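The values are calculated or read from the model by the stated rules, or taken from the named source; none is laboratory data. Here the structure is a predicted model, which means the values were calculated and not measured. Every residue, glycine among them, receives a Cβ derived from its backbone with ideal geometry; neighbour counts consider all protein chains shown.
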Amino acid sequence: MGEQAISTIDFSVSGGIATIRLNRPERRNAYDTAMMHDLVAAFDRSDADDDVGAVVLTGSGRIFCSGADLSGGADAFADLTADPGRAALRHGALWRDGGGVASLRIFESRKPVIAAINGPAIGIGATMILAADVRIAAEDARFGFVFTRRGLVPEAASSWFLPKLVGVSRALEWTMSGATVSAEEALEAGLLREICRVEDLADRAAAIAGRFLEGSRVAVALTRQMIWRMAGAEHPMVAHRVDSRAIAALRSSPDTREAVGAFLEKREPHFTDRVSDGLPDIWPDGAAPPFY
């Protein structure tokens with residue numbers, strides 16, 4: 001599959017890796033409602049494509065994302081109802097945060113997600129990447145948790161994600177001060193896996209993504225969901241119940257039989273189970289529908 005533009009992003013697949021590239025160069029890849037819808041559509045596409053085993057999320061040019069599109073001026077955040085694209089964001093009397101729609105869709109991805117931050121990531125640019133599984137960045141990348149300086153609070157469910165990645169104290173320091181964090185500080189805090197030259201970023205992201213292509217796609221998808229969802233569990237018994245359900249669901253699957261046979265025969269396995277056919281319901285209270 002070649003590269004295709006949706007509207008505000010580009011989507012391409014090569015070697016089992018989907019690349020989702022923010023592409024609004026005239027607006028410094030600023031985030032708007034159209035980009036929100038396009039990101040959801042792109043992750044829907046990657047989930048439905050059984051040739052895709054991992055996703056790389058990156059930006060075009062030298063900027064990852066400059067934050068929310070403020071072209072509306074001082075009232076950019078004031079009248080959410082003025083944008084017809086936000087109609088889908090209404091939940092009863094509440095107008096939902098559009099950044100959270102994207103981050104929750106990334107959270108729900110059935111494929112591993114690597115964020116390759118090619119430059120400054122400000123506001124929603126810094127928070128949408130928190131739902132990725134691995135984050136790498138170019139040397140001149142920086143992360144702007146600038147919300148309090150805009151009279152706002154952190155969005156995109158970052159009050160849930162960020163403390164899990166860098167700890168409560170660091171998350172509070174960055175967000176309450178409205179800090180802009182260097183790539184070096186982000187690496188030291190655990191937000192990043194590594195820093196590299198911008199010209200090496202795509203190759204490093206592809207190399208990391210390639211590691212996720214070797215296992216059963218269904219097992220990888222379930223593992224991703226288990227690790228993320230259990231991050232909020234109140235007791236290890238919750239995880240034990242989920243583990244037990246998952247093992248029971250997979251132990252007789254074609255992929256598990258193939259993996260055991262390949263191990264005994266000293267060959268590489270050939271997995272055939274497809275994520276698009278659906279995942280086993282391993283959640284004790286039933287699988288809630290995605291809310292993004």
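Overview of results
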item: Any hit, the range 224-242, residues being of a type in the set (Gly, Ala, Ser), over 17 Å from Arg110 (Cα atoms), assigned to a helix (DSSP H, G or I) and at pLDDT below 95; result: yes
item: Among residues of the range 36-54, those that are in contact (Cβ under 8 Å) with a residue 60 or more places away in the chain, over 10 Å from Arg110 (Cα atoms) and not charged (D, E, K, R), counted; result: 3
item: Count of residues meeting criterion [surrounded by 14 or more Cβ atoms within 10 Å (Cβ to Cβ) and over 20 Å from the mean Cα position of the chain (by Cα)] in the range 158-171; result: 1
item: Selected residue (criterion: farthest from Phe212 (Cα to Cα)) from residues of the range 247-274 that are under 29 Å from the mean Cα position of the chain (by Cα) and in a helix (DSSP H, G or I); result: Ala248
item: Residue within the range 127-136 that is surrounded by fewer than 17 Cβ atoms within 10 Å (Cβ to Cβ), out of contact with any strand residue (DSSP E or B) (no Cβ under 7 Å at 6 or more places or on another chain) and assigned by TED's automatic domain parsing to the domain that holds Cys65 present; result: no
item: Test result for Ser158, modelled with pLDDT of 95 or more and either more than 15 Å from Ile129 (Cβ to Cβ) or touching a Pro at 6+ places or on another chain (Cβ under 9 Å) (or both); result: no
